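First comes the structure, then the notes that go with it.
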Amino acid sequence: MSHPRLKQLTKAEQFFDAGKLDKALELLNDWRQFEGLNSQQKEYAQFLKGLILIYQNKSGEVSKLGEQMLKEGQQLNEDLQSVDGYFFMIIGPGFANKFDEASKFIEKADSLLRLISNKPKDISIQREIRIKLVKAYINAFLGNIEIAEKCVDWILGSQKELGSTFEIVWANLIKALIMMSAKSRFDLAMEYTKKAMSIAKEIKFNHFWIAMCHVYFGIIYRSIGEVKTSLKYHMKSLAIFKEINNNFYTARLLNNIGVNYFNAGDYKLALEYLEESLFYYEIQSIELQLPLSNLIVAALEKGDIERAQKYFQRLEDMYNQEKDEDIILIYQFTKALMLKNSSRIRDKAKVEELLKQVIKTETIRFDLIIDALVRLCDLLLSEYHLNNNSEVLDELNHYIAKLLTIAEKSHSYLVFCETFILQAKLALINFNVKSARRYLTQAQKIAESYGLKRLTMKISYEHDELLRQIKSWKTFKESEASLSERWKLAGLNKQMENMVKKRMIEAPKISEEDPVSIFIITEGGTPLFSHSFIDQKTFESHLFSGFLTTIDYFIREMFSEGLDRAIFGEYTLLLKSLPPFYISYIFRGDSYYANHKANFFIEQLQNKKEVWDTLLKSFQINQYVHLKENPSLELLIKEIFIEKSFYLTSDLKS
C-alpha cells in the first residue's frame, strides 16, 4: 500500500476530529484513493464514513452504505463487516422513524453475531455492543422500555472492556431518555447525561455527541420548567449542529428555541427562530407541519393575523394534498385557533367542534391532545363566566378530568400540576375552600416528587395566599358576592391564560421563614418533644397550649383529608406524618423553605440511628424527650433550622 493513500485516510480522520465533516466526507467518498488499503483499513474507512453520515442524520445514505458493507462482507465471508453493515442498516430507518423496518435487521444481526466465534473477545464484544445499542434505541422509541433498558444496562456493564467510546456515550443518553420519558426521573436523566458528556469530551470525533448532550440537558431543564436554562443548552447544541452541517437537528433545535421564546412571552424572537426552523425543514422536505403550526400559534399571539393566515394557507395546501394523520390533527387544531379570532357565532361553535375532534382521536401525539384540551377548557371557562350555567361547569369538569388523565399518562407533570391549580381555583369560586386546599396540597407533593422547583414554589405561594384570604372568602360567602368578584379573587383568568400560552413559570418572591417552634407528637396526640426557637420569656404559655390545641384539631379534622398546613393567628403550622409520630413545624412567613426543612428534618431523624432509637424508646415508655439530654437531636435542629447549613439551602436559592 502506498504512503499517500494512508495519508489521505489520516487526513480524513483529522478533518472529522476537527468537526469539518463535509471535508472528511469528501475524501472518504473518493474511494479510488483507498484502493490500496487492506480489508481491515477499508472497513475502517467505511465505518468512518458511516459515522459522519449518522452525525449529519443522512439516514438514506446511511442505509445504502450499510447495504454495501453487508454485500461486501458476505462476498468476502467477513462476518464483522457484515455486522457493521447491519449496524448502519438499522440506524438508517431508525433515524427516519421506520422502526418496523429497522427491527427486521436487528434479528438478522443477532443471528449473525451468534455464529462469530473465531474473533478476539474485545472485537466481538464491540460488535455485540453496537447491535444491542441500536436495539435499545429502537425499542426505547417503540415503548418497549424493559427490552431497551436491559440492553443499555448490559452495555454500561461492559464499559471496562470497551473503554470510553461513542457507544458508551450513546448508551448513557438512551438510559437518560428512558429515565426521562418513561420514568419521569429527571434527576437520574441528568446524571446519565452528565456521564455521557464527561465521556464525550474524552473521545475522538465528539462534536455530535457533545451537541447531543446539550440537547438532552435542554430537554430535561424544559421538562422541569426551567426555560431559560433550557434555552442556554439549546443554543450551545445549535451552534455545534450548524458547524457539522446537521440540518435535521438544526431544524428541530431552532423550532425548540422558538417555542421556548414563545413560552417566555417573546413572540418577536419566537417567530424569528421558527421561521429559520421552517427554512431548515424545507431543505429536508420533512414534517413542515410542525414549524408551520408553531408559526401560526406564535403569529396569532403576537396579533399578526395576516402572517398567521399565510402560514395556515400553506398548512391547508398540505392537508388537501396528503391525508397524513399528523397533518390532519395539526390542521384541525390550527383551524380552530384561526376561527377563534372570528366574531361570528357559528365560527365559535366550529372551534369547539374541531377541538373535540382532535381530543377524540386515538394518537400518540399527547402534546396536541393536551393543547386541544387546554383550549377547550378555556372556551368552557369563558362560557361559564358569562352565564354561570351548571351544565357548562359539569362539561368543564369532565374535560379537566380528561386533561389530568392524558397529562399523567404522557408524564406531562407541569400540565398535570397546573391543572390541579385550575381545579383549586374553580373550587374556590364555589366556596369550597377545603377542596381547593386539597388540590394545592396534592399538586405540591407531585411537583416536589418530580423536581419541578419553580412550580413547587408557585404552588406553595398559592397555598399561602389562600390561607391569608380565608377571611375574605368567608366574607364573600356571607355577603353572596357575585361570580365576577369571586373570579377575580381566585385569579382564574390568569391561571387559564398561563396554561393556554404555556407561559414560563415565574418563581414568586419567597423569603425564608422565621422559625417559632417544632413539636414531635405521637399518633395518639401526646407531645413527646418540643423546642422553641424564640425567646422563652416572650413565648407565653397560652401560645404554647394554643399550638398544641391547634395541632390536636389538625390531626383529627384536617390531616386525614390530605391537608398539610394551617394558620394560627400570625403563625403557619406544617404537619408531617412519620409513623408512629407527627412532626409539626410552626413559623412566621412563607412556607416553601419551611416545608423543605421539615422534610429534610424527617429524613435525618430516620437516618440518624441514635436519634431515631431515642424517640422510639421514649415513645414506648411514654417519656418526654429533653433536648439537652440528646446532643445529636440538638445538633440536628441547630443545623437545619438555625444555621441552615443543610444541603438544600444553596440549591433552593440558586
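Please treat every number below as a calculation from the coordinates, not as lab data. Only a predicted model underlies this, so the values are computations on that prediction, with no experimental measurement involved. Neighbour counts run over all protein chains shown; Cβ positions are idealised from the backbone, glycine included.
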**OP:** Name the residue farthest towards the positive end of the dipole of the chain from the options T614, Q14, S343, assuming +1 on Cβ of Lys and Arg, -1 on Cβ of Asp and Glu, about the Cα centre.
**Re:** Q14
**OP:** Report ³J(HN,Hα) in whole Hz for each residue of the stretch 308-321, in order, from the Karplus equation J = 6.51 cos²θ - 1.76 cosθ + 1.60 where θ = phi - 60°; Gly and Pro get x.
**Re:** 4, 5, 4, 6, 5, 4, 5, 5, 5, 4, 4, 4, 6, 8
Original post:
Once amide H atoms are built 1.01 Å from N in the peptide plane, which residues 5 or more positions from T522, or in another chain, come under 5 Å H to H?
Top reply: L528, Y582
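Hey, what did the stretch 354-500 get for relative contact order, percent, Cα under 8 Å, at least 6 apart? Walk me through the intermediate numbers first.
Details: 128 pairs, mean separation 32.8, N = 147.
For the stretch 354-500, the relative contact order is 22 percent.
Can you give me the relative contact order of the chain as a percent, contacts being Cα pairs under 8 Å and 6 or more apart? Can you show the working numbers first?
Values: 846 pairs, mean separation 43.9, N = 654.
Worked out over the chain, it gives 7 percent.
Using the Cα centre as the reference, give the magnitude of the dipole from point charges on the C-beta atoms of the chain (Lys, Arg: +1; Asp, Glu: -1; all else neutral), rounded to the nearest 20 debye. Walk me through the numbers on the way to the answer.
On the way: 86 positive and 86 negative charges, 115 e Å.
Dipole of the chain, to the nearest 20 debye: 560 debye.
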Original post:
Can you list the HN-Hα couplings for the stretch 261-276, worked out from phi with the Karplus curve (6.51, -1.76, 1.60; θ = phi - 60°), rounded to whole Hz and with x for Gly and Pro?
Top reply: 5, 4, 4, 7, x, 9, 6, 5, 5, 4, 5, 4, 6, 5, 5, 5
Original post:
R0 = 35 Å: FRET efficiency of I567 with S449, Cβ-based, nearest 0.05?
Top reply: 0.85
Subject >> Cα-only radius of gyration and Dmax that characterise the stretch 354-500, units Å >> reply: 15.3, 48
Original post:
Taking the Cα centre of each part, how many Å lie between the stretch 32-89 and the stretch 149-224?
Top reply: 25 Å
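Subtract the Cα-Cα distance of Y44 and L269 from 0.36 nm times their separation in residues, and report this length gain in nm to one decimal. Mind dumping the intermediate values first?
On the way: separation 225, 0.36 × 225 = 81.00 nm, distance 4.43 nm.
Net length gain for the segment: 76.6 nm.
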Original post:
Which whole-angstrom value gives the distance between the alpha carbon centres of the stretch 415-441 and the stretch 282-335?
Top reply: 35 Å
Original post:
Once amide H atoms are built 1.01 Å from N in the peptide plane, which residues 5 or more positions from L578, or in another chain, come under 5 Å H to H?
Top reply: I583
**OP:** Work out from phi, with θ = phi - 60° and the Karplus expression 6.51 cos²θ - 1.76 cosθ + 1.60, the ³J(HN,Hα) of each residue of the stretch 448-455, listed in order in whole Hz, and give x for Gly and Pro.
**Re:** 4, 5, 9, x, 8, 4, 4, 5
Original post:
Taking Cα atoms, how many degrees apart are the long axis of helix 289-302 and the longest axis of the chain, rounded to 10 and kept between 0 and 90?
Top reply: 40 degrees
Original post:
Where Rh denotes the Kirkwood radius from the mean inverse Cα pair distance, what is Rg over Rh for the chain?
Top reply: 1.05
Original post:
Suppose every K and R has +1 on its Cβ and every D and E has -1 on its Cβ; what is the size of the dipole of the stretch 147-299 about the Cα centre, in Debye to the nearest 20?
Top reply: 420 debye
Original post:
Which aspartates and glutamates have a Cα lying under 14 Å from the Cα of K409, excluding residues fewer than 8 positions away in the same chain?
Top reply: E362, D367
Original post:
Relative to the longest principal axis of the chain, what angle (0 to 90°, nearest 10) does the C-alpha long axis of helix 121-142 take?
Top reply: 60 degrees
Subject >> Stretchable slack from S382 to I116, in nm (0.36 nm times residue separation minus alpha-carbon distance) >> reply: 89.0 nm
Subject >> Links that overshoot a 20 Å alpha carbon limit, given the list K104/K135; K175/K195; K195/K597 >> reply: K195/K597
**OP:** Please name whichever of S577, L315, N430 sits farthest to the positive end of the charge dipole of the chain, dipole taken about the Cα centre and charges placed at Cβ: Lys and Arg +1, Asp and Glu -1.
**Re:** L315
Original post:
If the viscosity is 0.890 mPa s and the temperature 25 °C, what translational diffusion coefficient in µm²/s does Stokes-Einstein give for the stretch 10-160 when Rh comes from Kirkwood over Cα pairs?
Top reply: 154 µm²/s
Original post:
Leaving out same-chain residues fewer than 8 places away, which lysines sit with a Cα under 23 Å from that of K7?
Top reply: K20, K23, K42, K49, K204
**OP:** Report the calculated FRET efficiency for K204 and N320 (r = Cβ-Cβ distance, R0 = 45 Å), to the nearest 0.05.
**Re:** 0.40
Subject >> Angle between the chain longest axis and helix 413-429 axis [Cα atoms, degrees, rounded to 10] >> reply: 30 degrees
Original post:
Nearest 20 debye, what's the magnitude of the dipole of the stretch 399-533 about its Cα centre given +1 on Lys and Arg Cβ and -1 on Asp and Glu Cβ?
Top reply: 540 debye
